[in-house]
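Have a look at the structure below before the remarks.
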Amino acid sequence: MNNTQKVFIALGVLGLAGPLLKDIVYPVFLMNVLCFALFACAFNLLLGFTGLLSFGHAAYFGFAAYVTGHACKEWGLTPELGVLAGTLVAAGLGFVIGSLAIRRAGIYLAMITLAMSQLVFFVCLQAKFTGGEDGIQGIPRGKFLGLVDLTDNVSLYYFVFGVFVLGFALIYRTIHSPFGQILKSIRENEPRAISLGYDADKFKLVAFVLSAALSGMAGSTKSLVNQLASLADVHWHMSGEVVLMTLLGGMGTVFGPIVGALTVKGLEHYLAEQGSWVTIVTGAIFVVCVLAFRRGIVGELAALFKR
Amino acid sequence: MSEVFGIPLQALLSQLLIGLVNGSFYAMLSLGLAVIFGLLNIINFSHGALYMMGAYGAWMGLTYLGLNYWVCLLLAPLAVGLVGVVIERTMLQRLYKLDHLYGLLLTFGLALIIEGLYRQAYGVSGQPYPVPELLKGATNLGFMFLPNYRAWVLVASLAVCFATWYVIERTKLGAYLRAGTENPRLVQAFGVNVPLMVTLTYGFGVALAGFAGVLASPIIQVNPLMGSNLIIVVFAVVVIGGMGSIMGAIVTGLGLGLIEGLTKVFYPELSATVVFIIMAIVLLVRPAGLFGREK
């Protein structure tokens, strides 16, 4: 059994045992961590494996949350259909923004995605269905497939865990497929990938849409967990947060974003009462990561084990 | 009272003026970003935070030290520039050999730290800053009342923008700078101290942001979030203009401010988003930006 398989089994057992830890960690916190871990993994597909830094992923995450919230609350959709609706809308949004953004590379791409996500933010602020400053509150958790009541935290936990495993498996398959190899080759040397006959823009766009869709799936699920879709989810702070999770955990690693999401969310949880210190500490972690710790936690650990 | 498309001329002109004033802030900030990007290949995400520091510099100077507006207009940008020099020397300098994205991430982190510290110290509510005595009141131009302070902001920022353009495009120092943008190693080989030039360029770019911050302080409430709200719009301005030319940055900034002002008159719902929509259109038609060069 190799190391990756061991980590898989350990994570799987830990994930399944989540609700048993309810005396140590608050279940809603764990579910939030799972949602953010999926968000960060989806983001990592783009940054770590395709080399595109999007600074506007909050748009897909937050907008999908609104869509799911609206679908479940106003149309009475079941939770799995609500999440599906959010995911599809996020994919569409990803297609539109992605087609624009990949017309430029590097830092321009980061600025374009940031600007477009700000556009989405203002739309969410002004549109009727999002509830403006109030957001959508009291989103019903509903019954999974119309059968299992998700108001119970344990059933909801397994629903969220299921969504996470589904998303993570898709990402894992993607990066280990021939398609994923081409993405990596574009990251390493785009002109060469093009000269080998690959239509780099098409591959980038597919990666972009996939990443946006899975980010949306994470946002949709989160809106069910917290029963709330709010402006905070579409704000650029959220885009920065997912960059941080990926960077801190280790971009381009399989498990890094999960570790990053757990660390950042844990930190926010314990610093929540300290006001602006969350922002300051977040900024400081950014600076330290960039200056001294570019491989991230998992990247450094992997390098340690290889020696 | 004369009207244009059903809008009173008075209202139209005053919105246009507000648009131009906003545009001059876009121009100064995108100019600083362009100068920094040219030499350092870094997009300075902390630009907005440093602009906010400039505004707070003016407010703190007045509140704690009793320094008047004019002294602060000189000192605050210098202080911000000094902060920039320290940032460049201690941190940015280590990143030049890496992917440009790391510069963006580092300055983003710095922006969060600066913003957080100011929020911790002063809260999120704004601090009012009085208009200097000399520029109070308004002048009657016959067809509209022109607030003196806004007129001053327009004149001062245009003067600074064109002075910057002149120094970069028409002087020997500017020639070194432009050469450094094209090929820093060759310029270094000719005996120019390129690392020093890079440091001073960064310092100058962020001092421009600080200057804009002081100019803005009597117009808007000085608050810790004023920079981050502005910087995203400025990023869109930079994408629209392309970072290839100094004059391009100035013209695009002013132009977009005007368009934003017009939108406020004719279709207010779009005024917050119009710049982003224009950015999307420009990307479809001319991906390199209006004044940019495809690399």
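Read-outs throughout are calculated quantities, based only on the coordinates presented, and are distinct from any laboratory measurement. Keep in mind that this is a model prediction, so the values were computed, not measured. For neighbour counting, all protein chains shown are included, and Cβ atoms are generated from backbone atoms with ideal geometry for every residue, glycine included.
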With each label point set 7 Å from Cα along the Cα-Cβ vector, what nm distance links B:Leu74 and B:Phe266?
4.5 nm
For the stretch B:178-271, the convex hull over Cα atoms projects on average to an area in nm² of 7.8 nm²
Taking the C-alpha atoms of the stretch B:25-239, how large are the radius of gyration and the largest Cα-Cα span, Dmax, in Å?
17.9, 60
Any idea how far apart B:Thr139 and A:Val13 come out in nm if each label point goes 7 Å out from Cα toward Cβ?
8.0 nm
Final fewest-first order of B:Trp70, A:Trp236, A:Trp277 on the 10 Å Cβ neighbour count is B:Trp70, A:Trp277, A:Trp236
Within the stretch A:25-234: Cβ-based charge dipole about Cα centre, in debye rounded to nearest 20 (Lys, Arg +1; Asp, Glu -1):
440 debye
Using eta = 0.692 mPa s and T = 37 °C, Stokes-Einstein with Kirkwood Rh from Cα pairs puts D for the stretch A:195-282, in µm² s⁻¹, at 218 µm²/s
Which value at 222 nm does chain B reach when only helices count, each DSSP H run of 4 or more adding -39,500 (n - 2.57), with the total divided by all residues and rounded to the nearest 500 deg cm²/dmol?
-24000 deg cm²/dmol
How big is the stretch B:33-75 in terms of Cα radius of gyration and Dmax, in angstroms?
13.6, 39
Taking the Cα centre of chain B as origin, sum charge times position over the Cβ atoms of Lys and Arg (+1) and Asp and Glu (-1), and report the length of that vector in debye to the nearest 20.
580 debye
Return the long-range amide H neighbours of B:Gln127 (sequence gap of 5 or more, or a different chain), with a cut-off of under 5 Å between placed amide H atoms.
B:Val222, B:Asn223
For B:Phe291, other-chain or 5+-apart residues with amide H closer than 5 Å (H placed, Pro excluded) are B:Gly242
Calculated from backbone phi, Karplus (6.51, -1.76, 1.60) coupling profile of the stretch A:3-18 in Hz, x at Gly/Pro
4, 4, 4, 4, 4, 4, 5, 4, 5, x, 4, 4, x, 5, 7, x
Rounded to whole Hz, the Karplus (6.51, -1.76, 1.60) HN-Hα couplings of the stretch A:48-65, x for glycine and proline
x, 10, 10, x, 9, 8, 8, 10, x, 6, 4, 4, 6, 4, x, 5, 4, 4
Evaluate peptide A:45-58: per residue, the Cβ atoms of other protein chains within 10 Å of its Cβ; return the mean as an integer.
1
Only helices counted: for chain A, with every DSSP H run of 4 or more residues adding -39500 (n - 2.57) and the sum spread over all residues, [θ] at 222 nm is -24500 deg cm²/dmol
Most positive-pole-ward Cα, A:Ser177, A:Phe164, A:Gly216, against dipole of the stretch A:152-224 from beta carbon charges:
A:Ser177
Overall Cα dimensions of the stretch B:3-56 - principal axes, largest extent first, Å:
49, 26, 12
What are the ³J(HN,Hα) values, in whole Hz, obtained from phi via the Karplus relation 6.51 cos²θ - 1.76 cosθ + 1.60 with θ = phi - 60°, for each residue of the stretch A:226-232 in sequence order, with x given for Gly and Pro?
8, 6, 8, 10, 9, 5, 4
Pairs from A:Lys22/A:Lys265; A:Lys265/B:Lys97; A:Lys204/A:Lys265; A:Lys128/A:Lys222; A:Lys184/A:Lys265; A:Lys143/A:Lys202 whose Cα-Cα separation, in the structure shown, is over 27 Å:
A:Lys265/B:Lys97; A:Lys204/A:Lys265; A:Lys184/A:Lys265; A:Lys143/A:Lys202
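Volume per residue, Å³, of the convex hull around the alpha-carbon atoms of the protein assembly as shown?
Cα-based convex hull of the protein assembly as shown, divided per residue, equals 173 Å³.
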Quick check: the distance between the Cα centres of the stretch B:1-48 and the stretch B:91-105, to the nearest angstrom?
29 Å
Give the order of A:Leu16, B:Leu20 when sorted by the count of other beta carbons within 10 angstrom, beginning with the fewest.
A:Leu16, B:Leu20
Alpha-carbon spread of the stretch A:25-234, three principal axes, descending order, Å
54, 36, 29
With bins of 5 Å, the percent of all Cα-Cα pairs of the stretch B:85-202 per bin from 0 is 2, 8, 10, 12, 12, 14, 14, 11, 9, 5, 2, 1
Amide proton proximity set for B:Ile7, modelled H, under 5 Å, gap of 5+:
none
Share of pairwise Cα separations in the stretch B:1-121, more than 24 Å, in percent
43 percent
I'd like the FRET efficiency for A:Phe95 and A:Asn189, computed as 1/(1 + (r/R0)^6) with the beta carbon distance as r and R0 of 30 Å, rounded to 0.05.
0.70
Report, in order of residue number, the helices in chain B meeting two criteria: a C-alpha extent of 20 Å or more along the helix axis, and a mean Kyte-Doolittle hydropathy of at least 0.5; treat each whole DSSP H run as one helix.
B:9-40, B:47-65, B:69-90, B:100-122, B:148-170, B:194-216, B:226-241, B:246-266
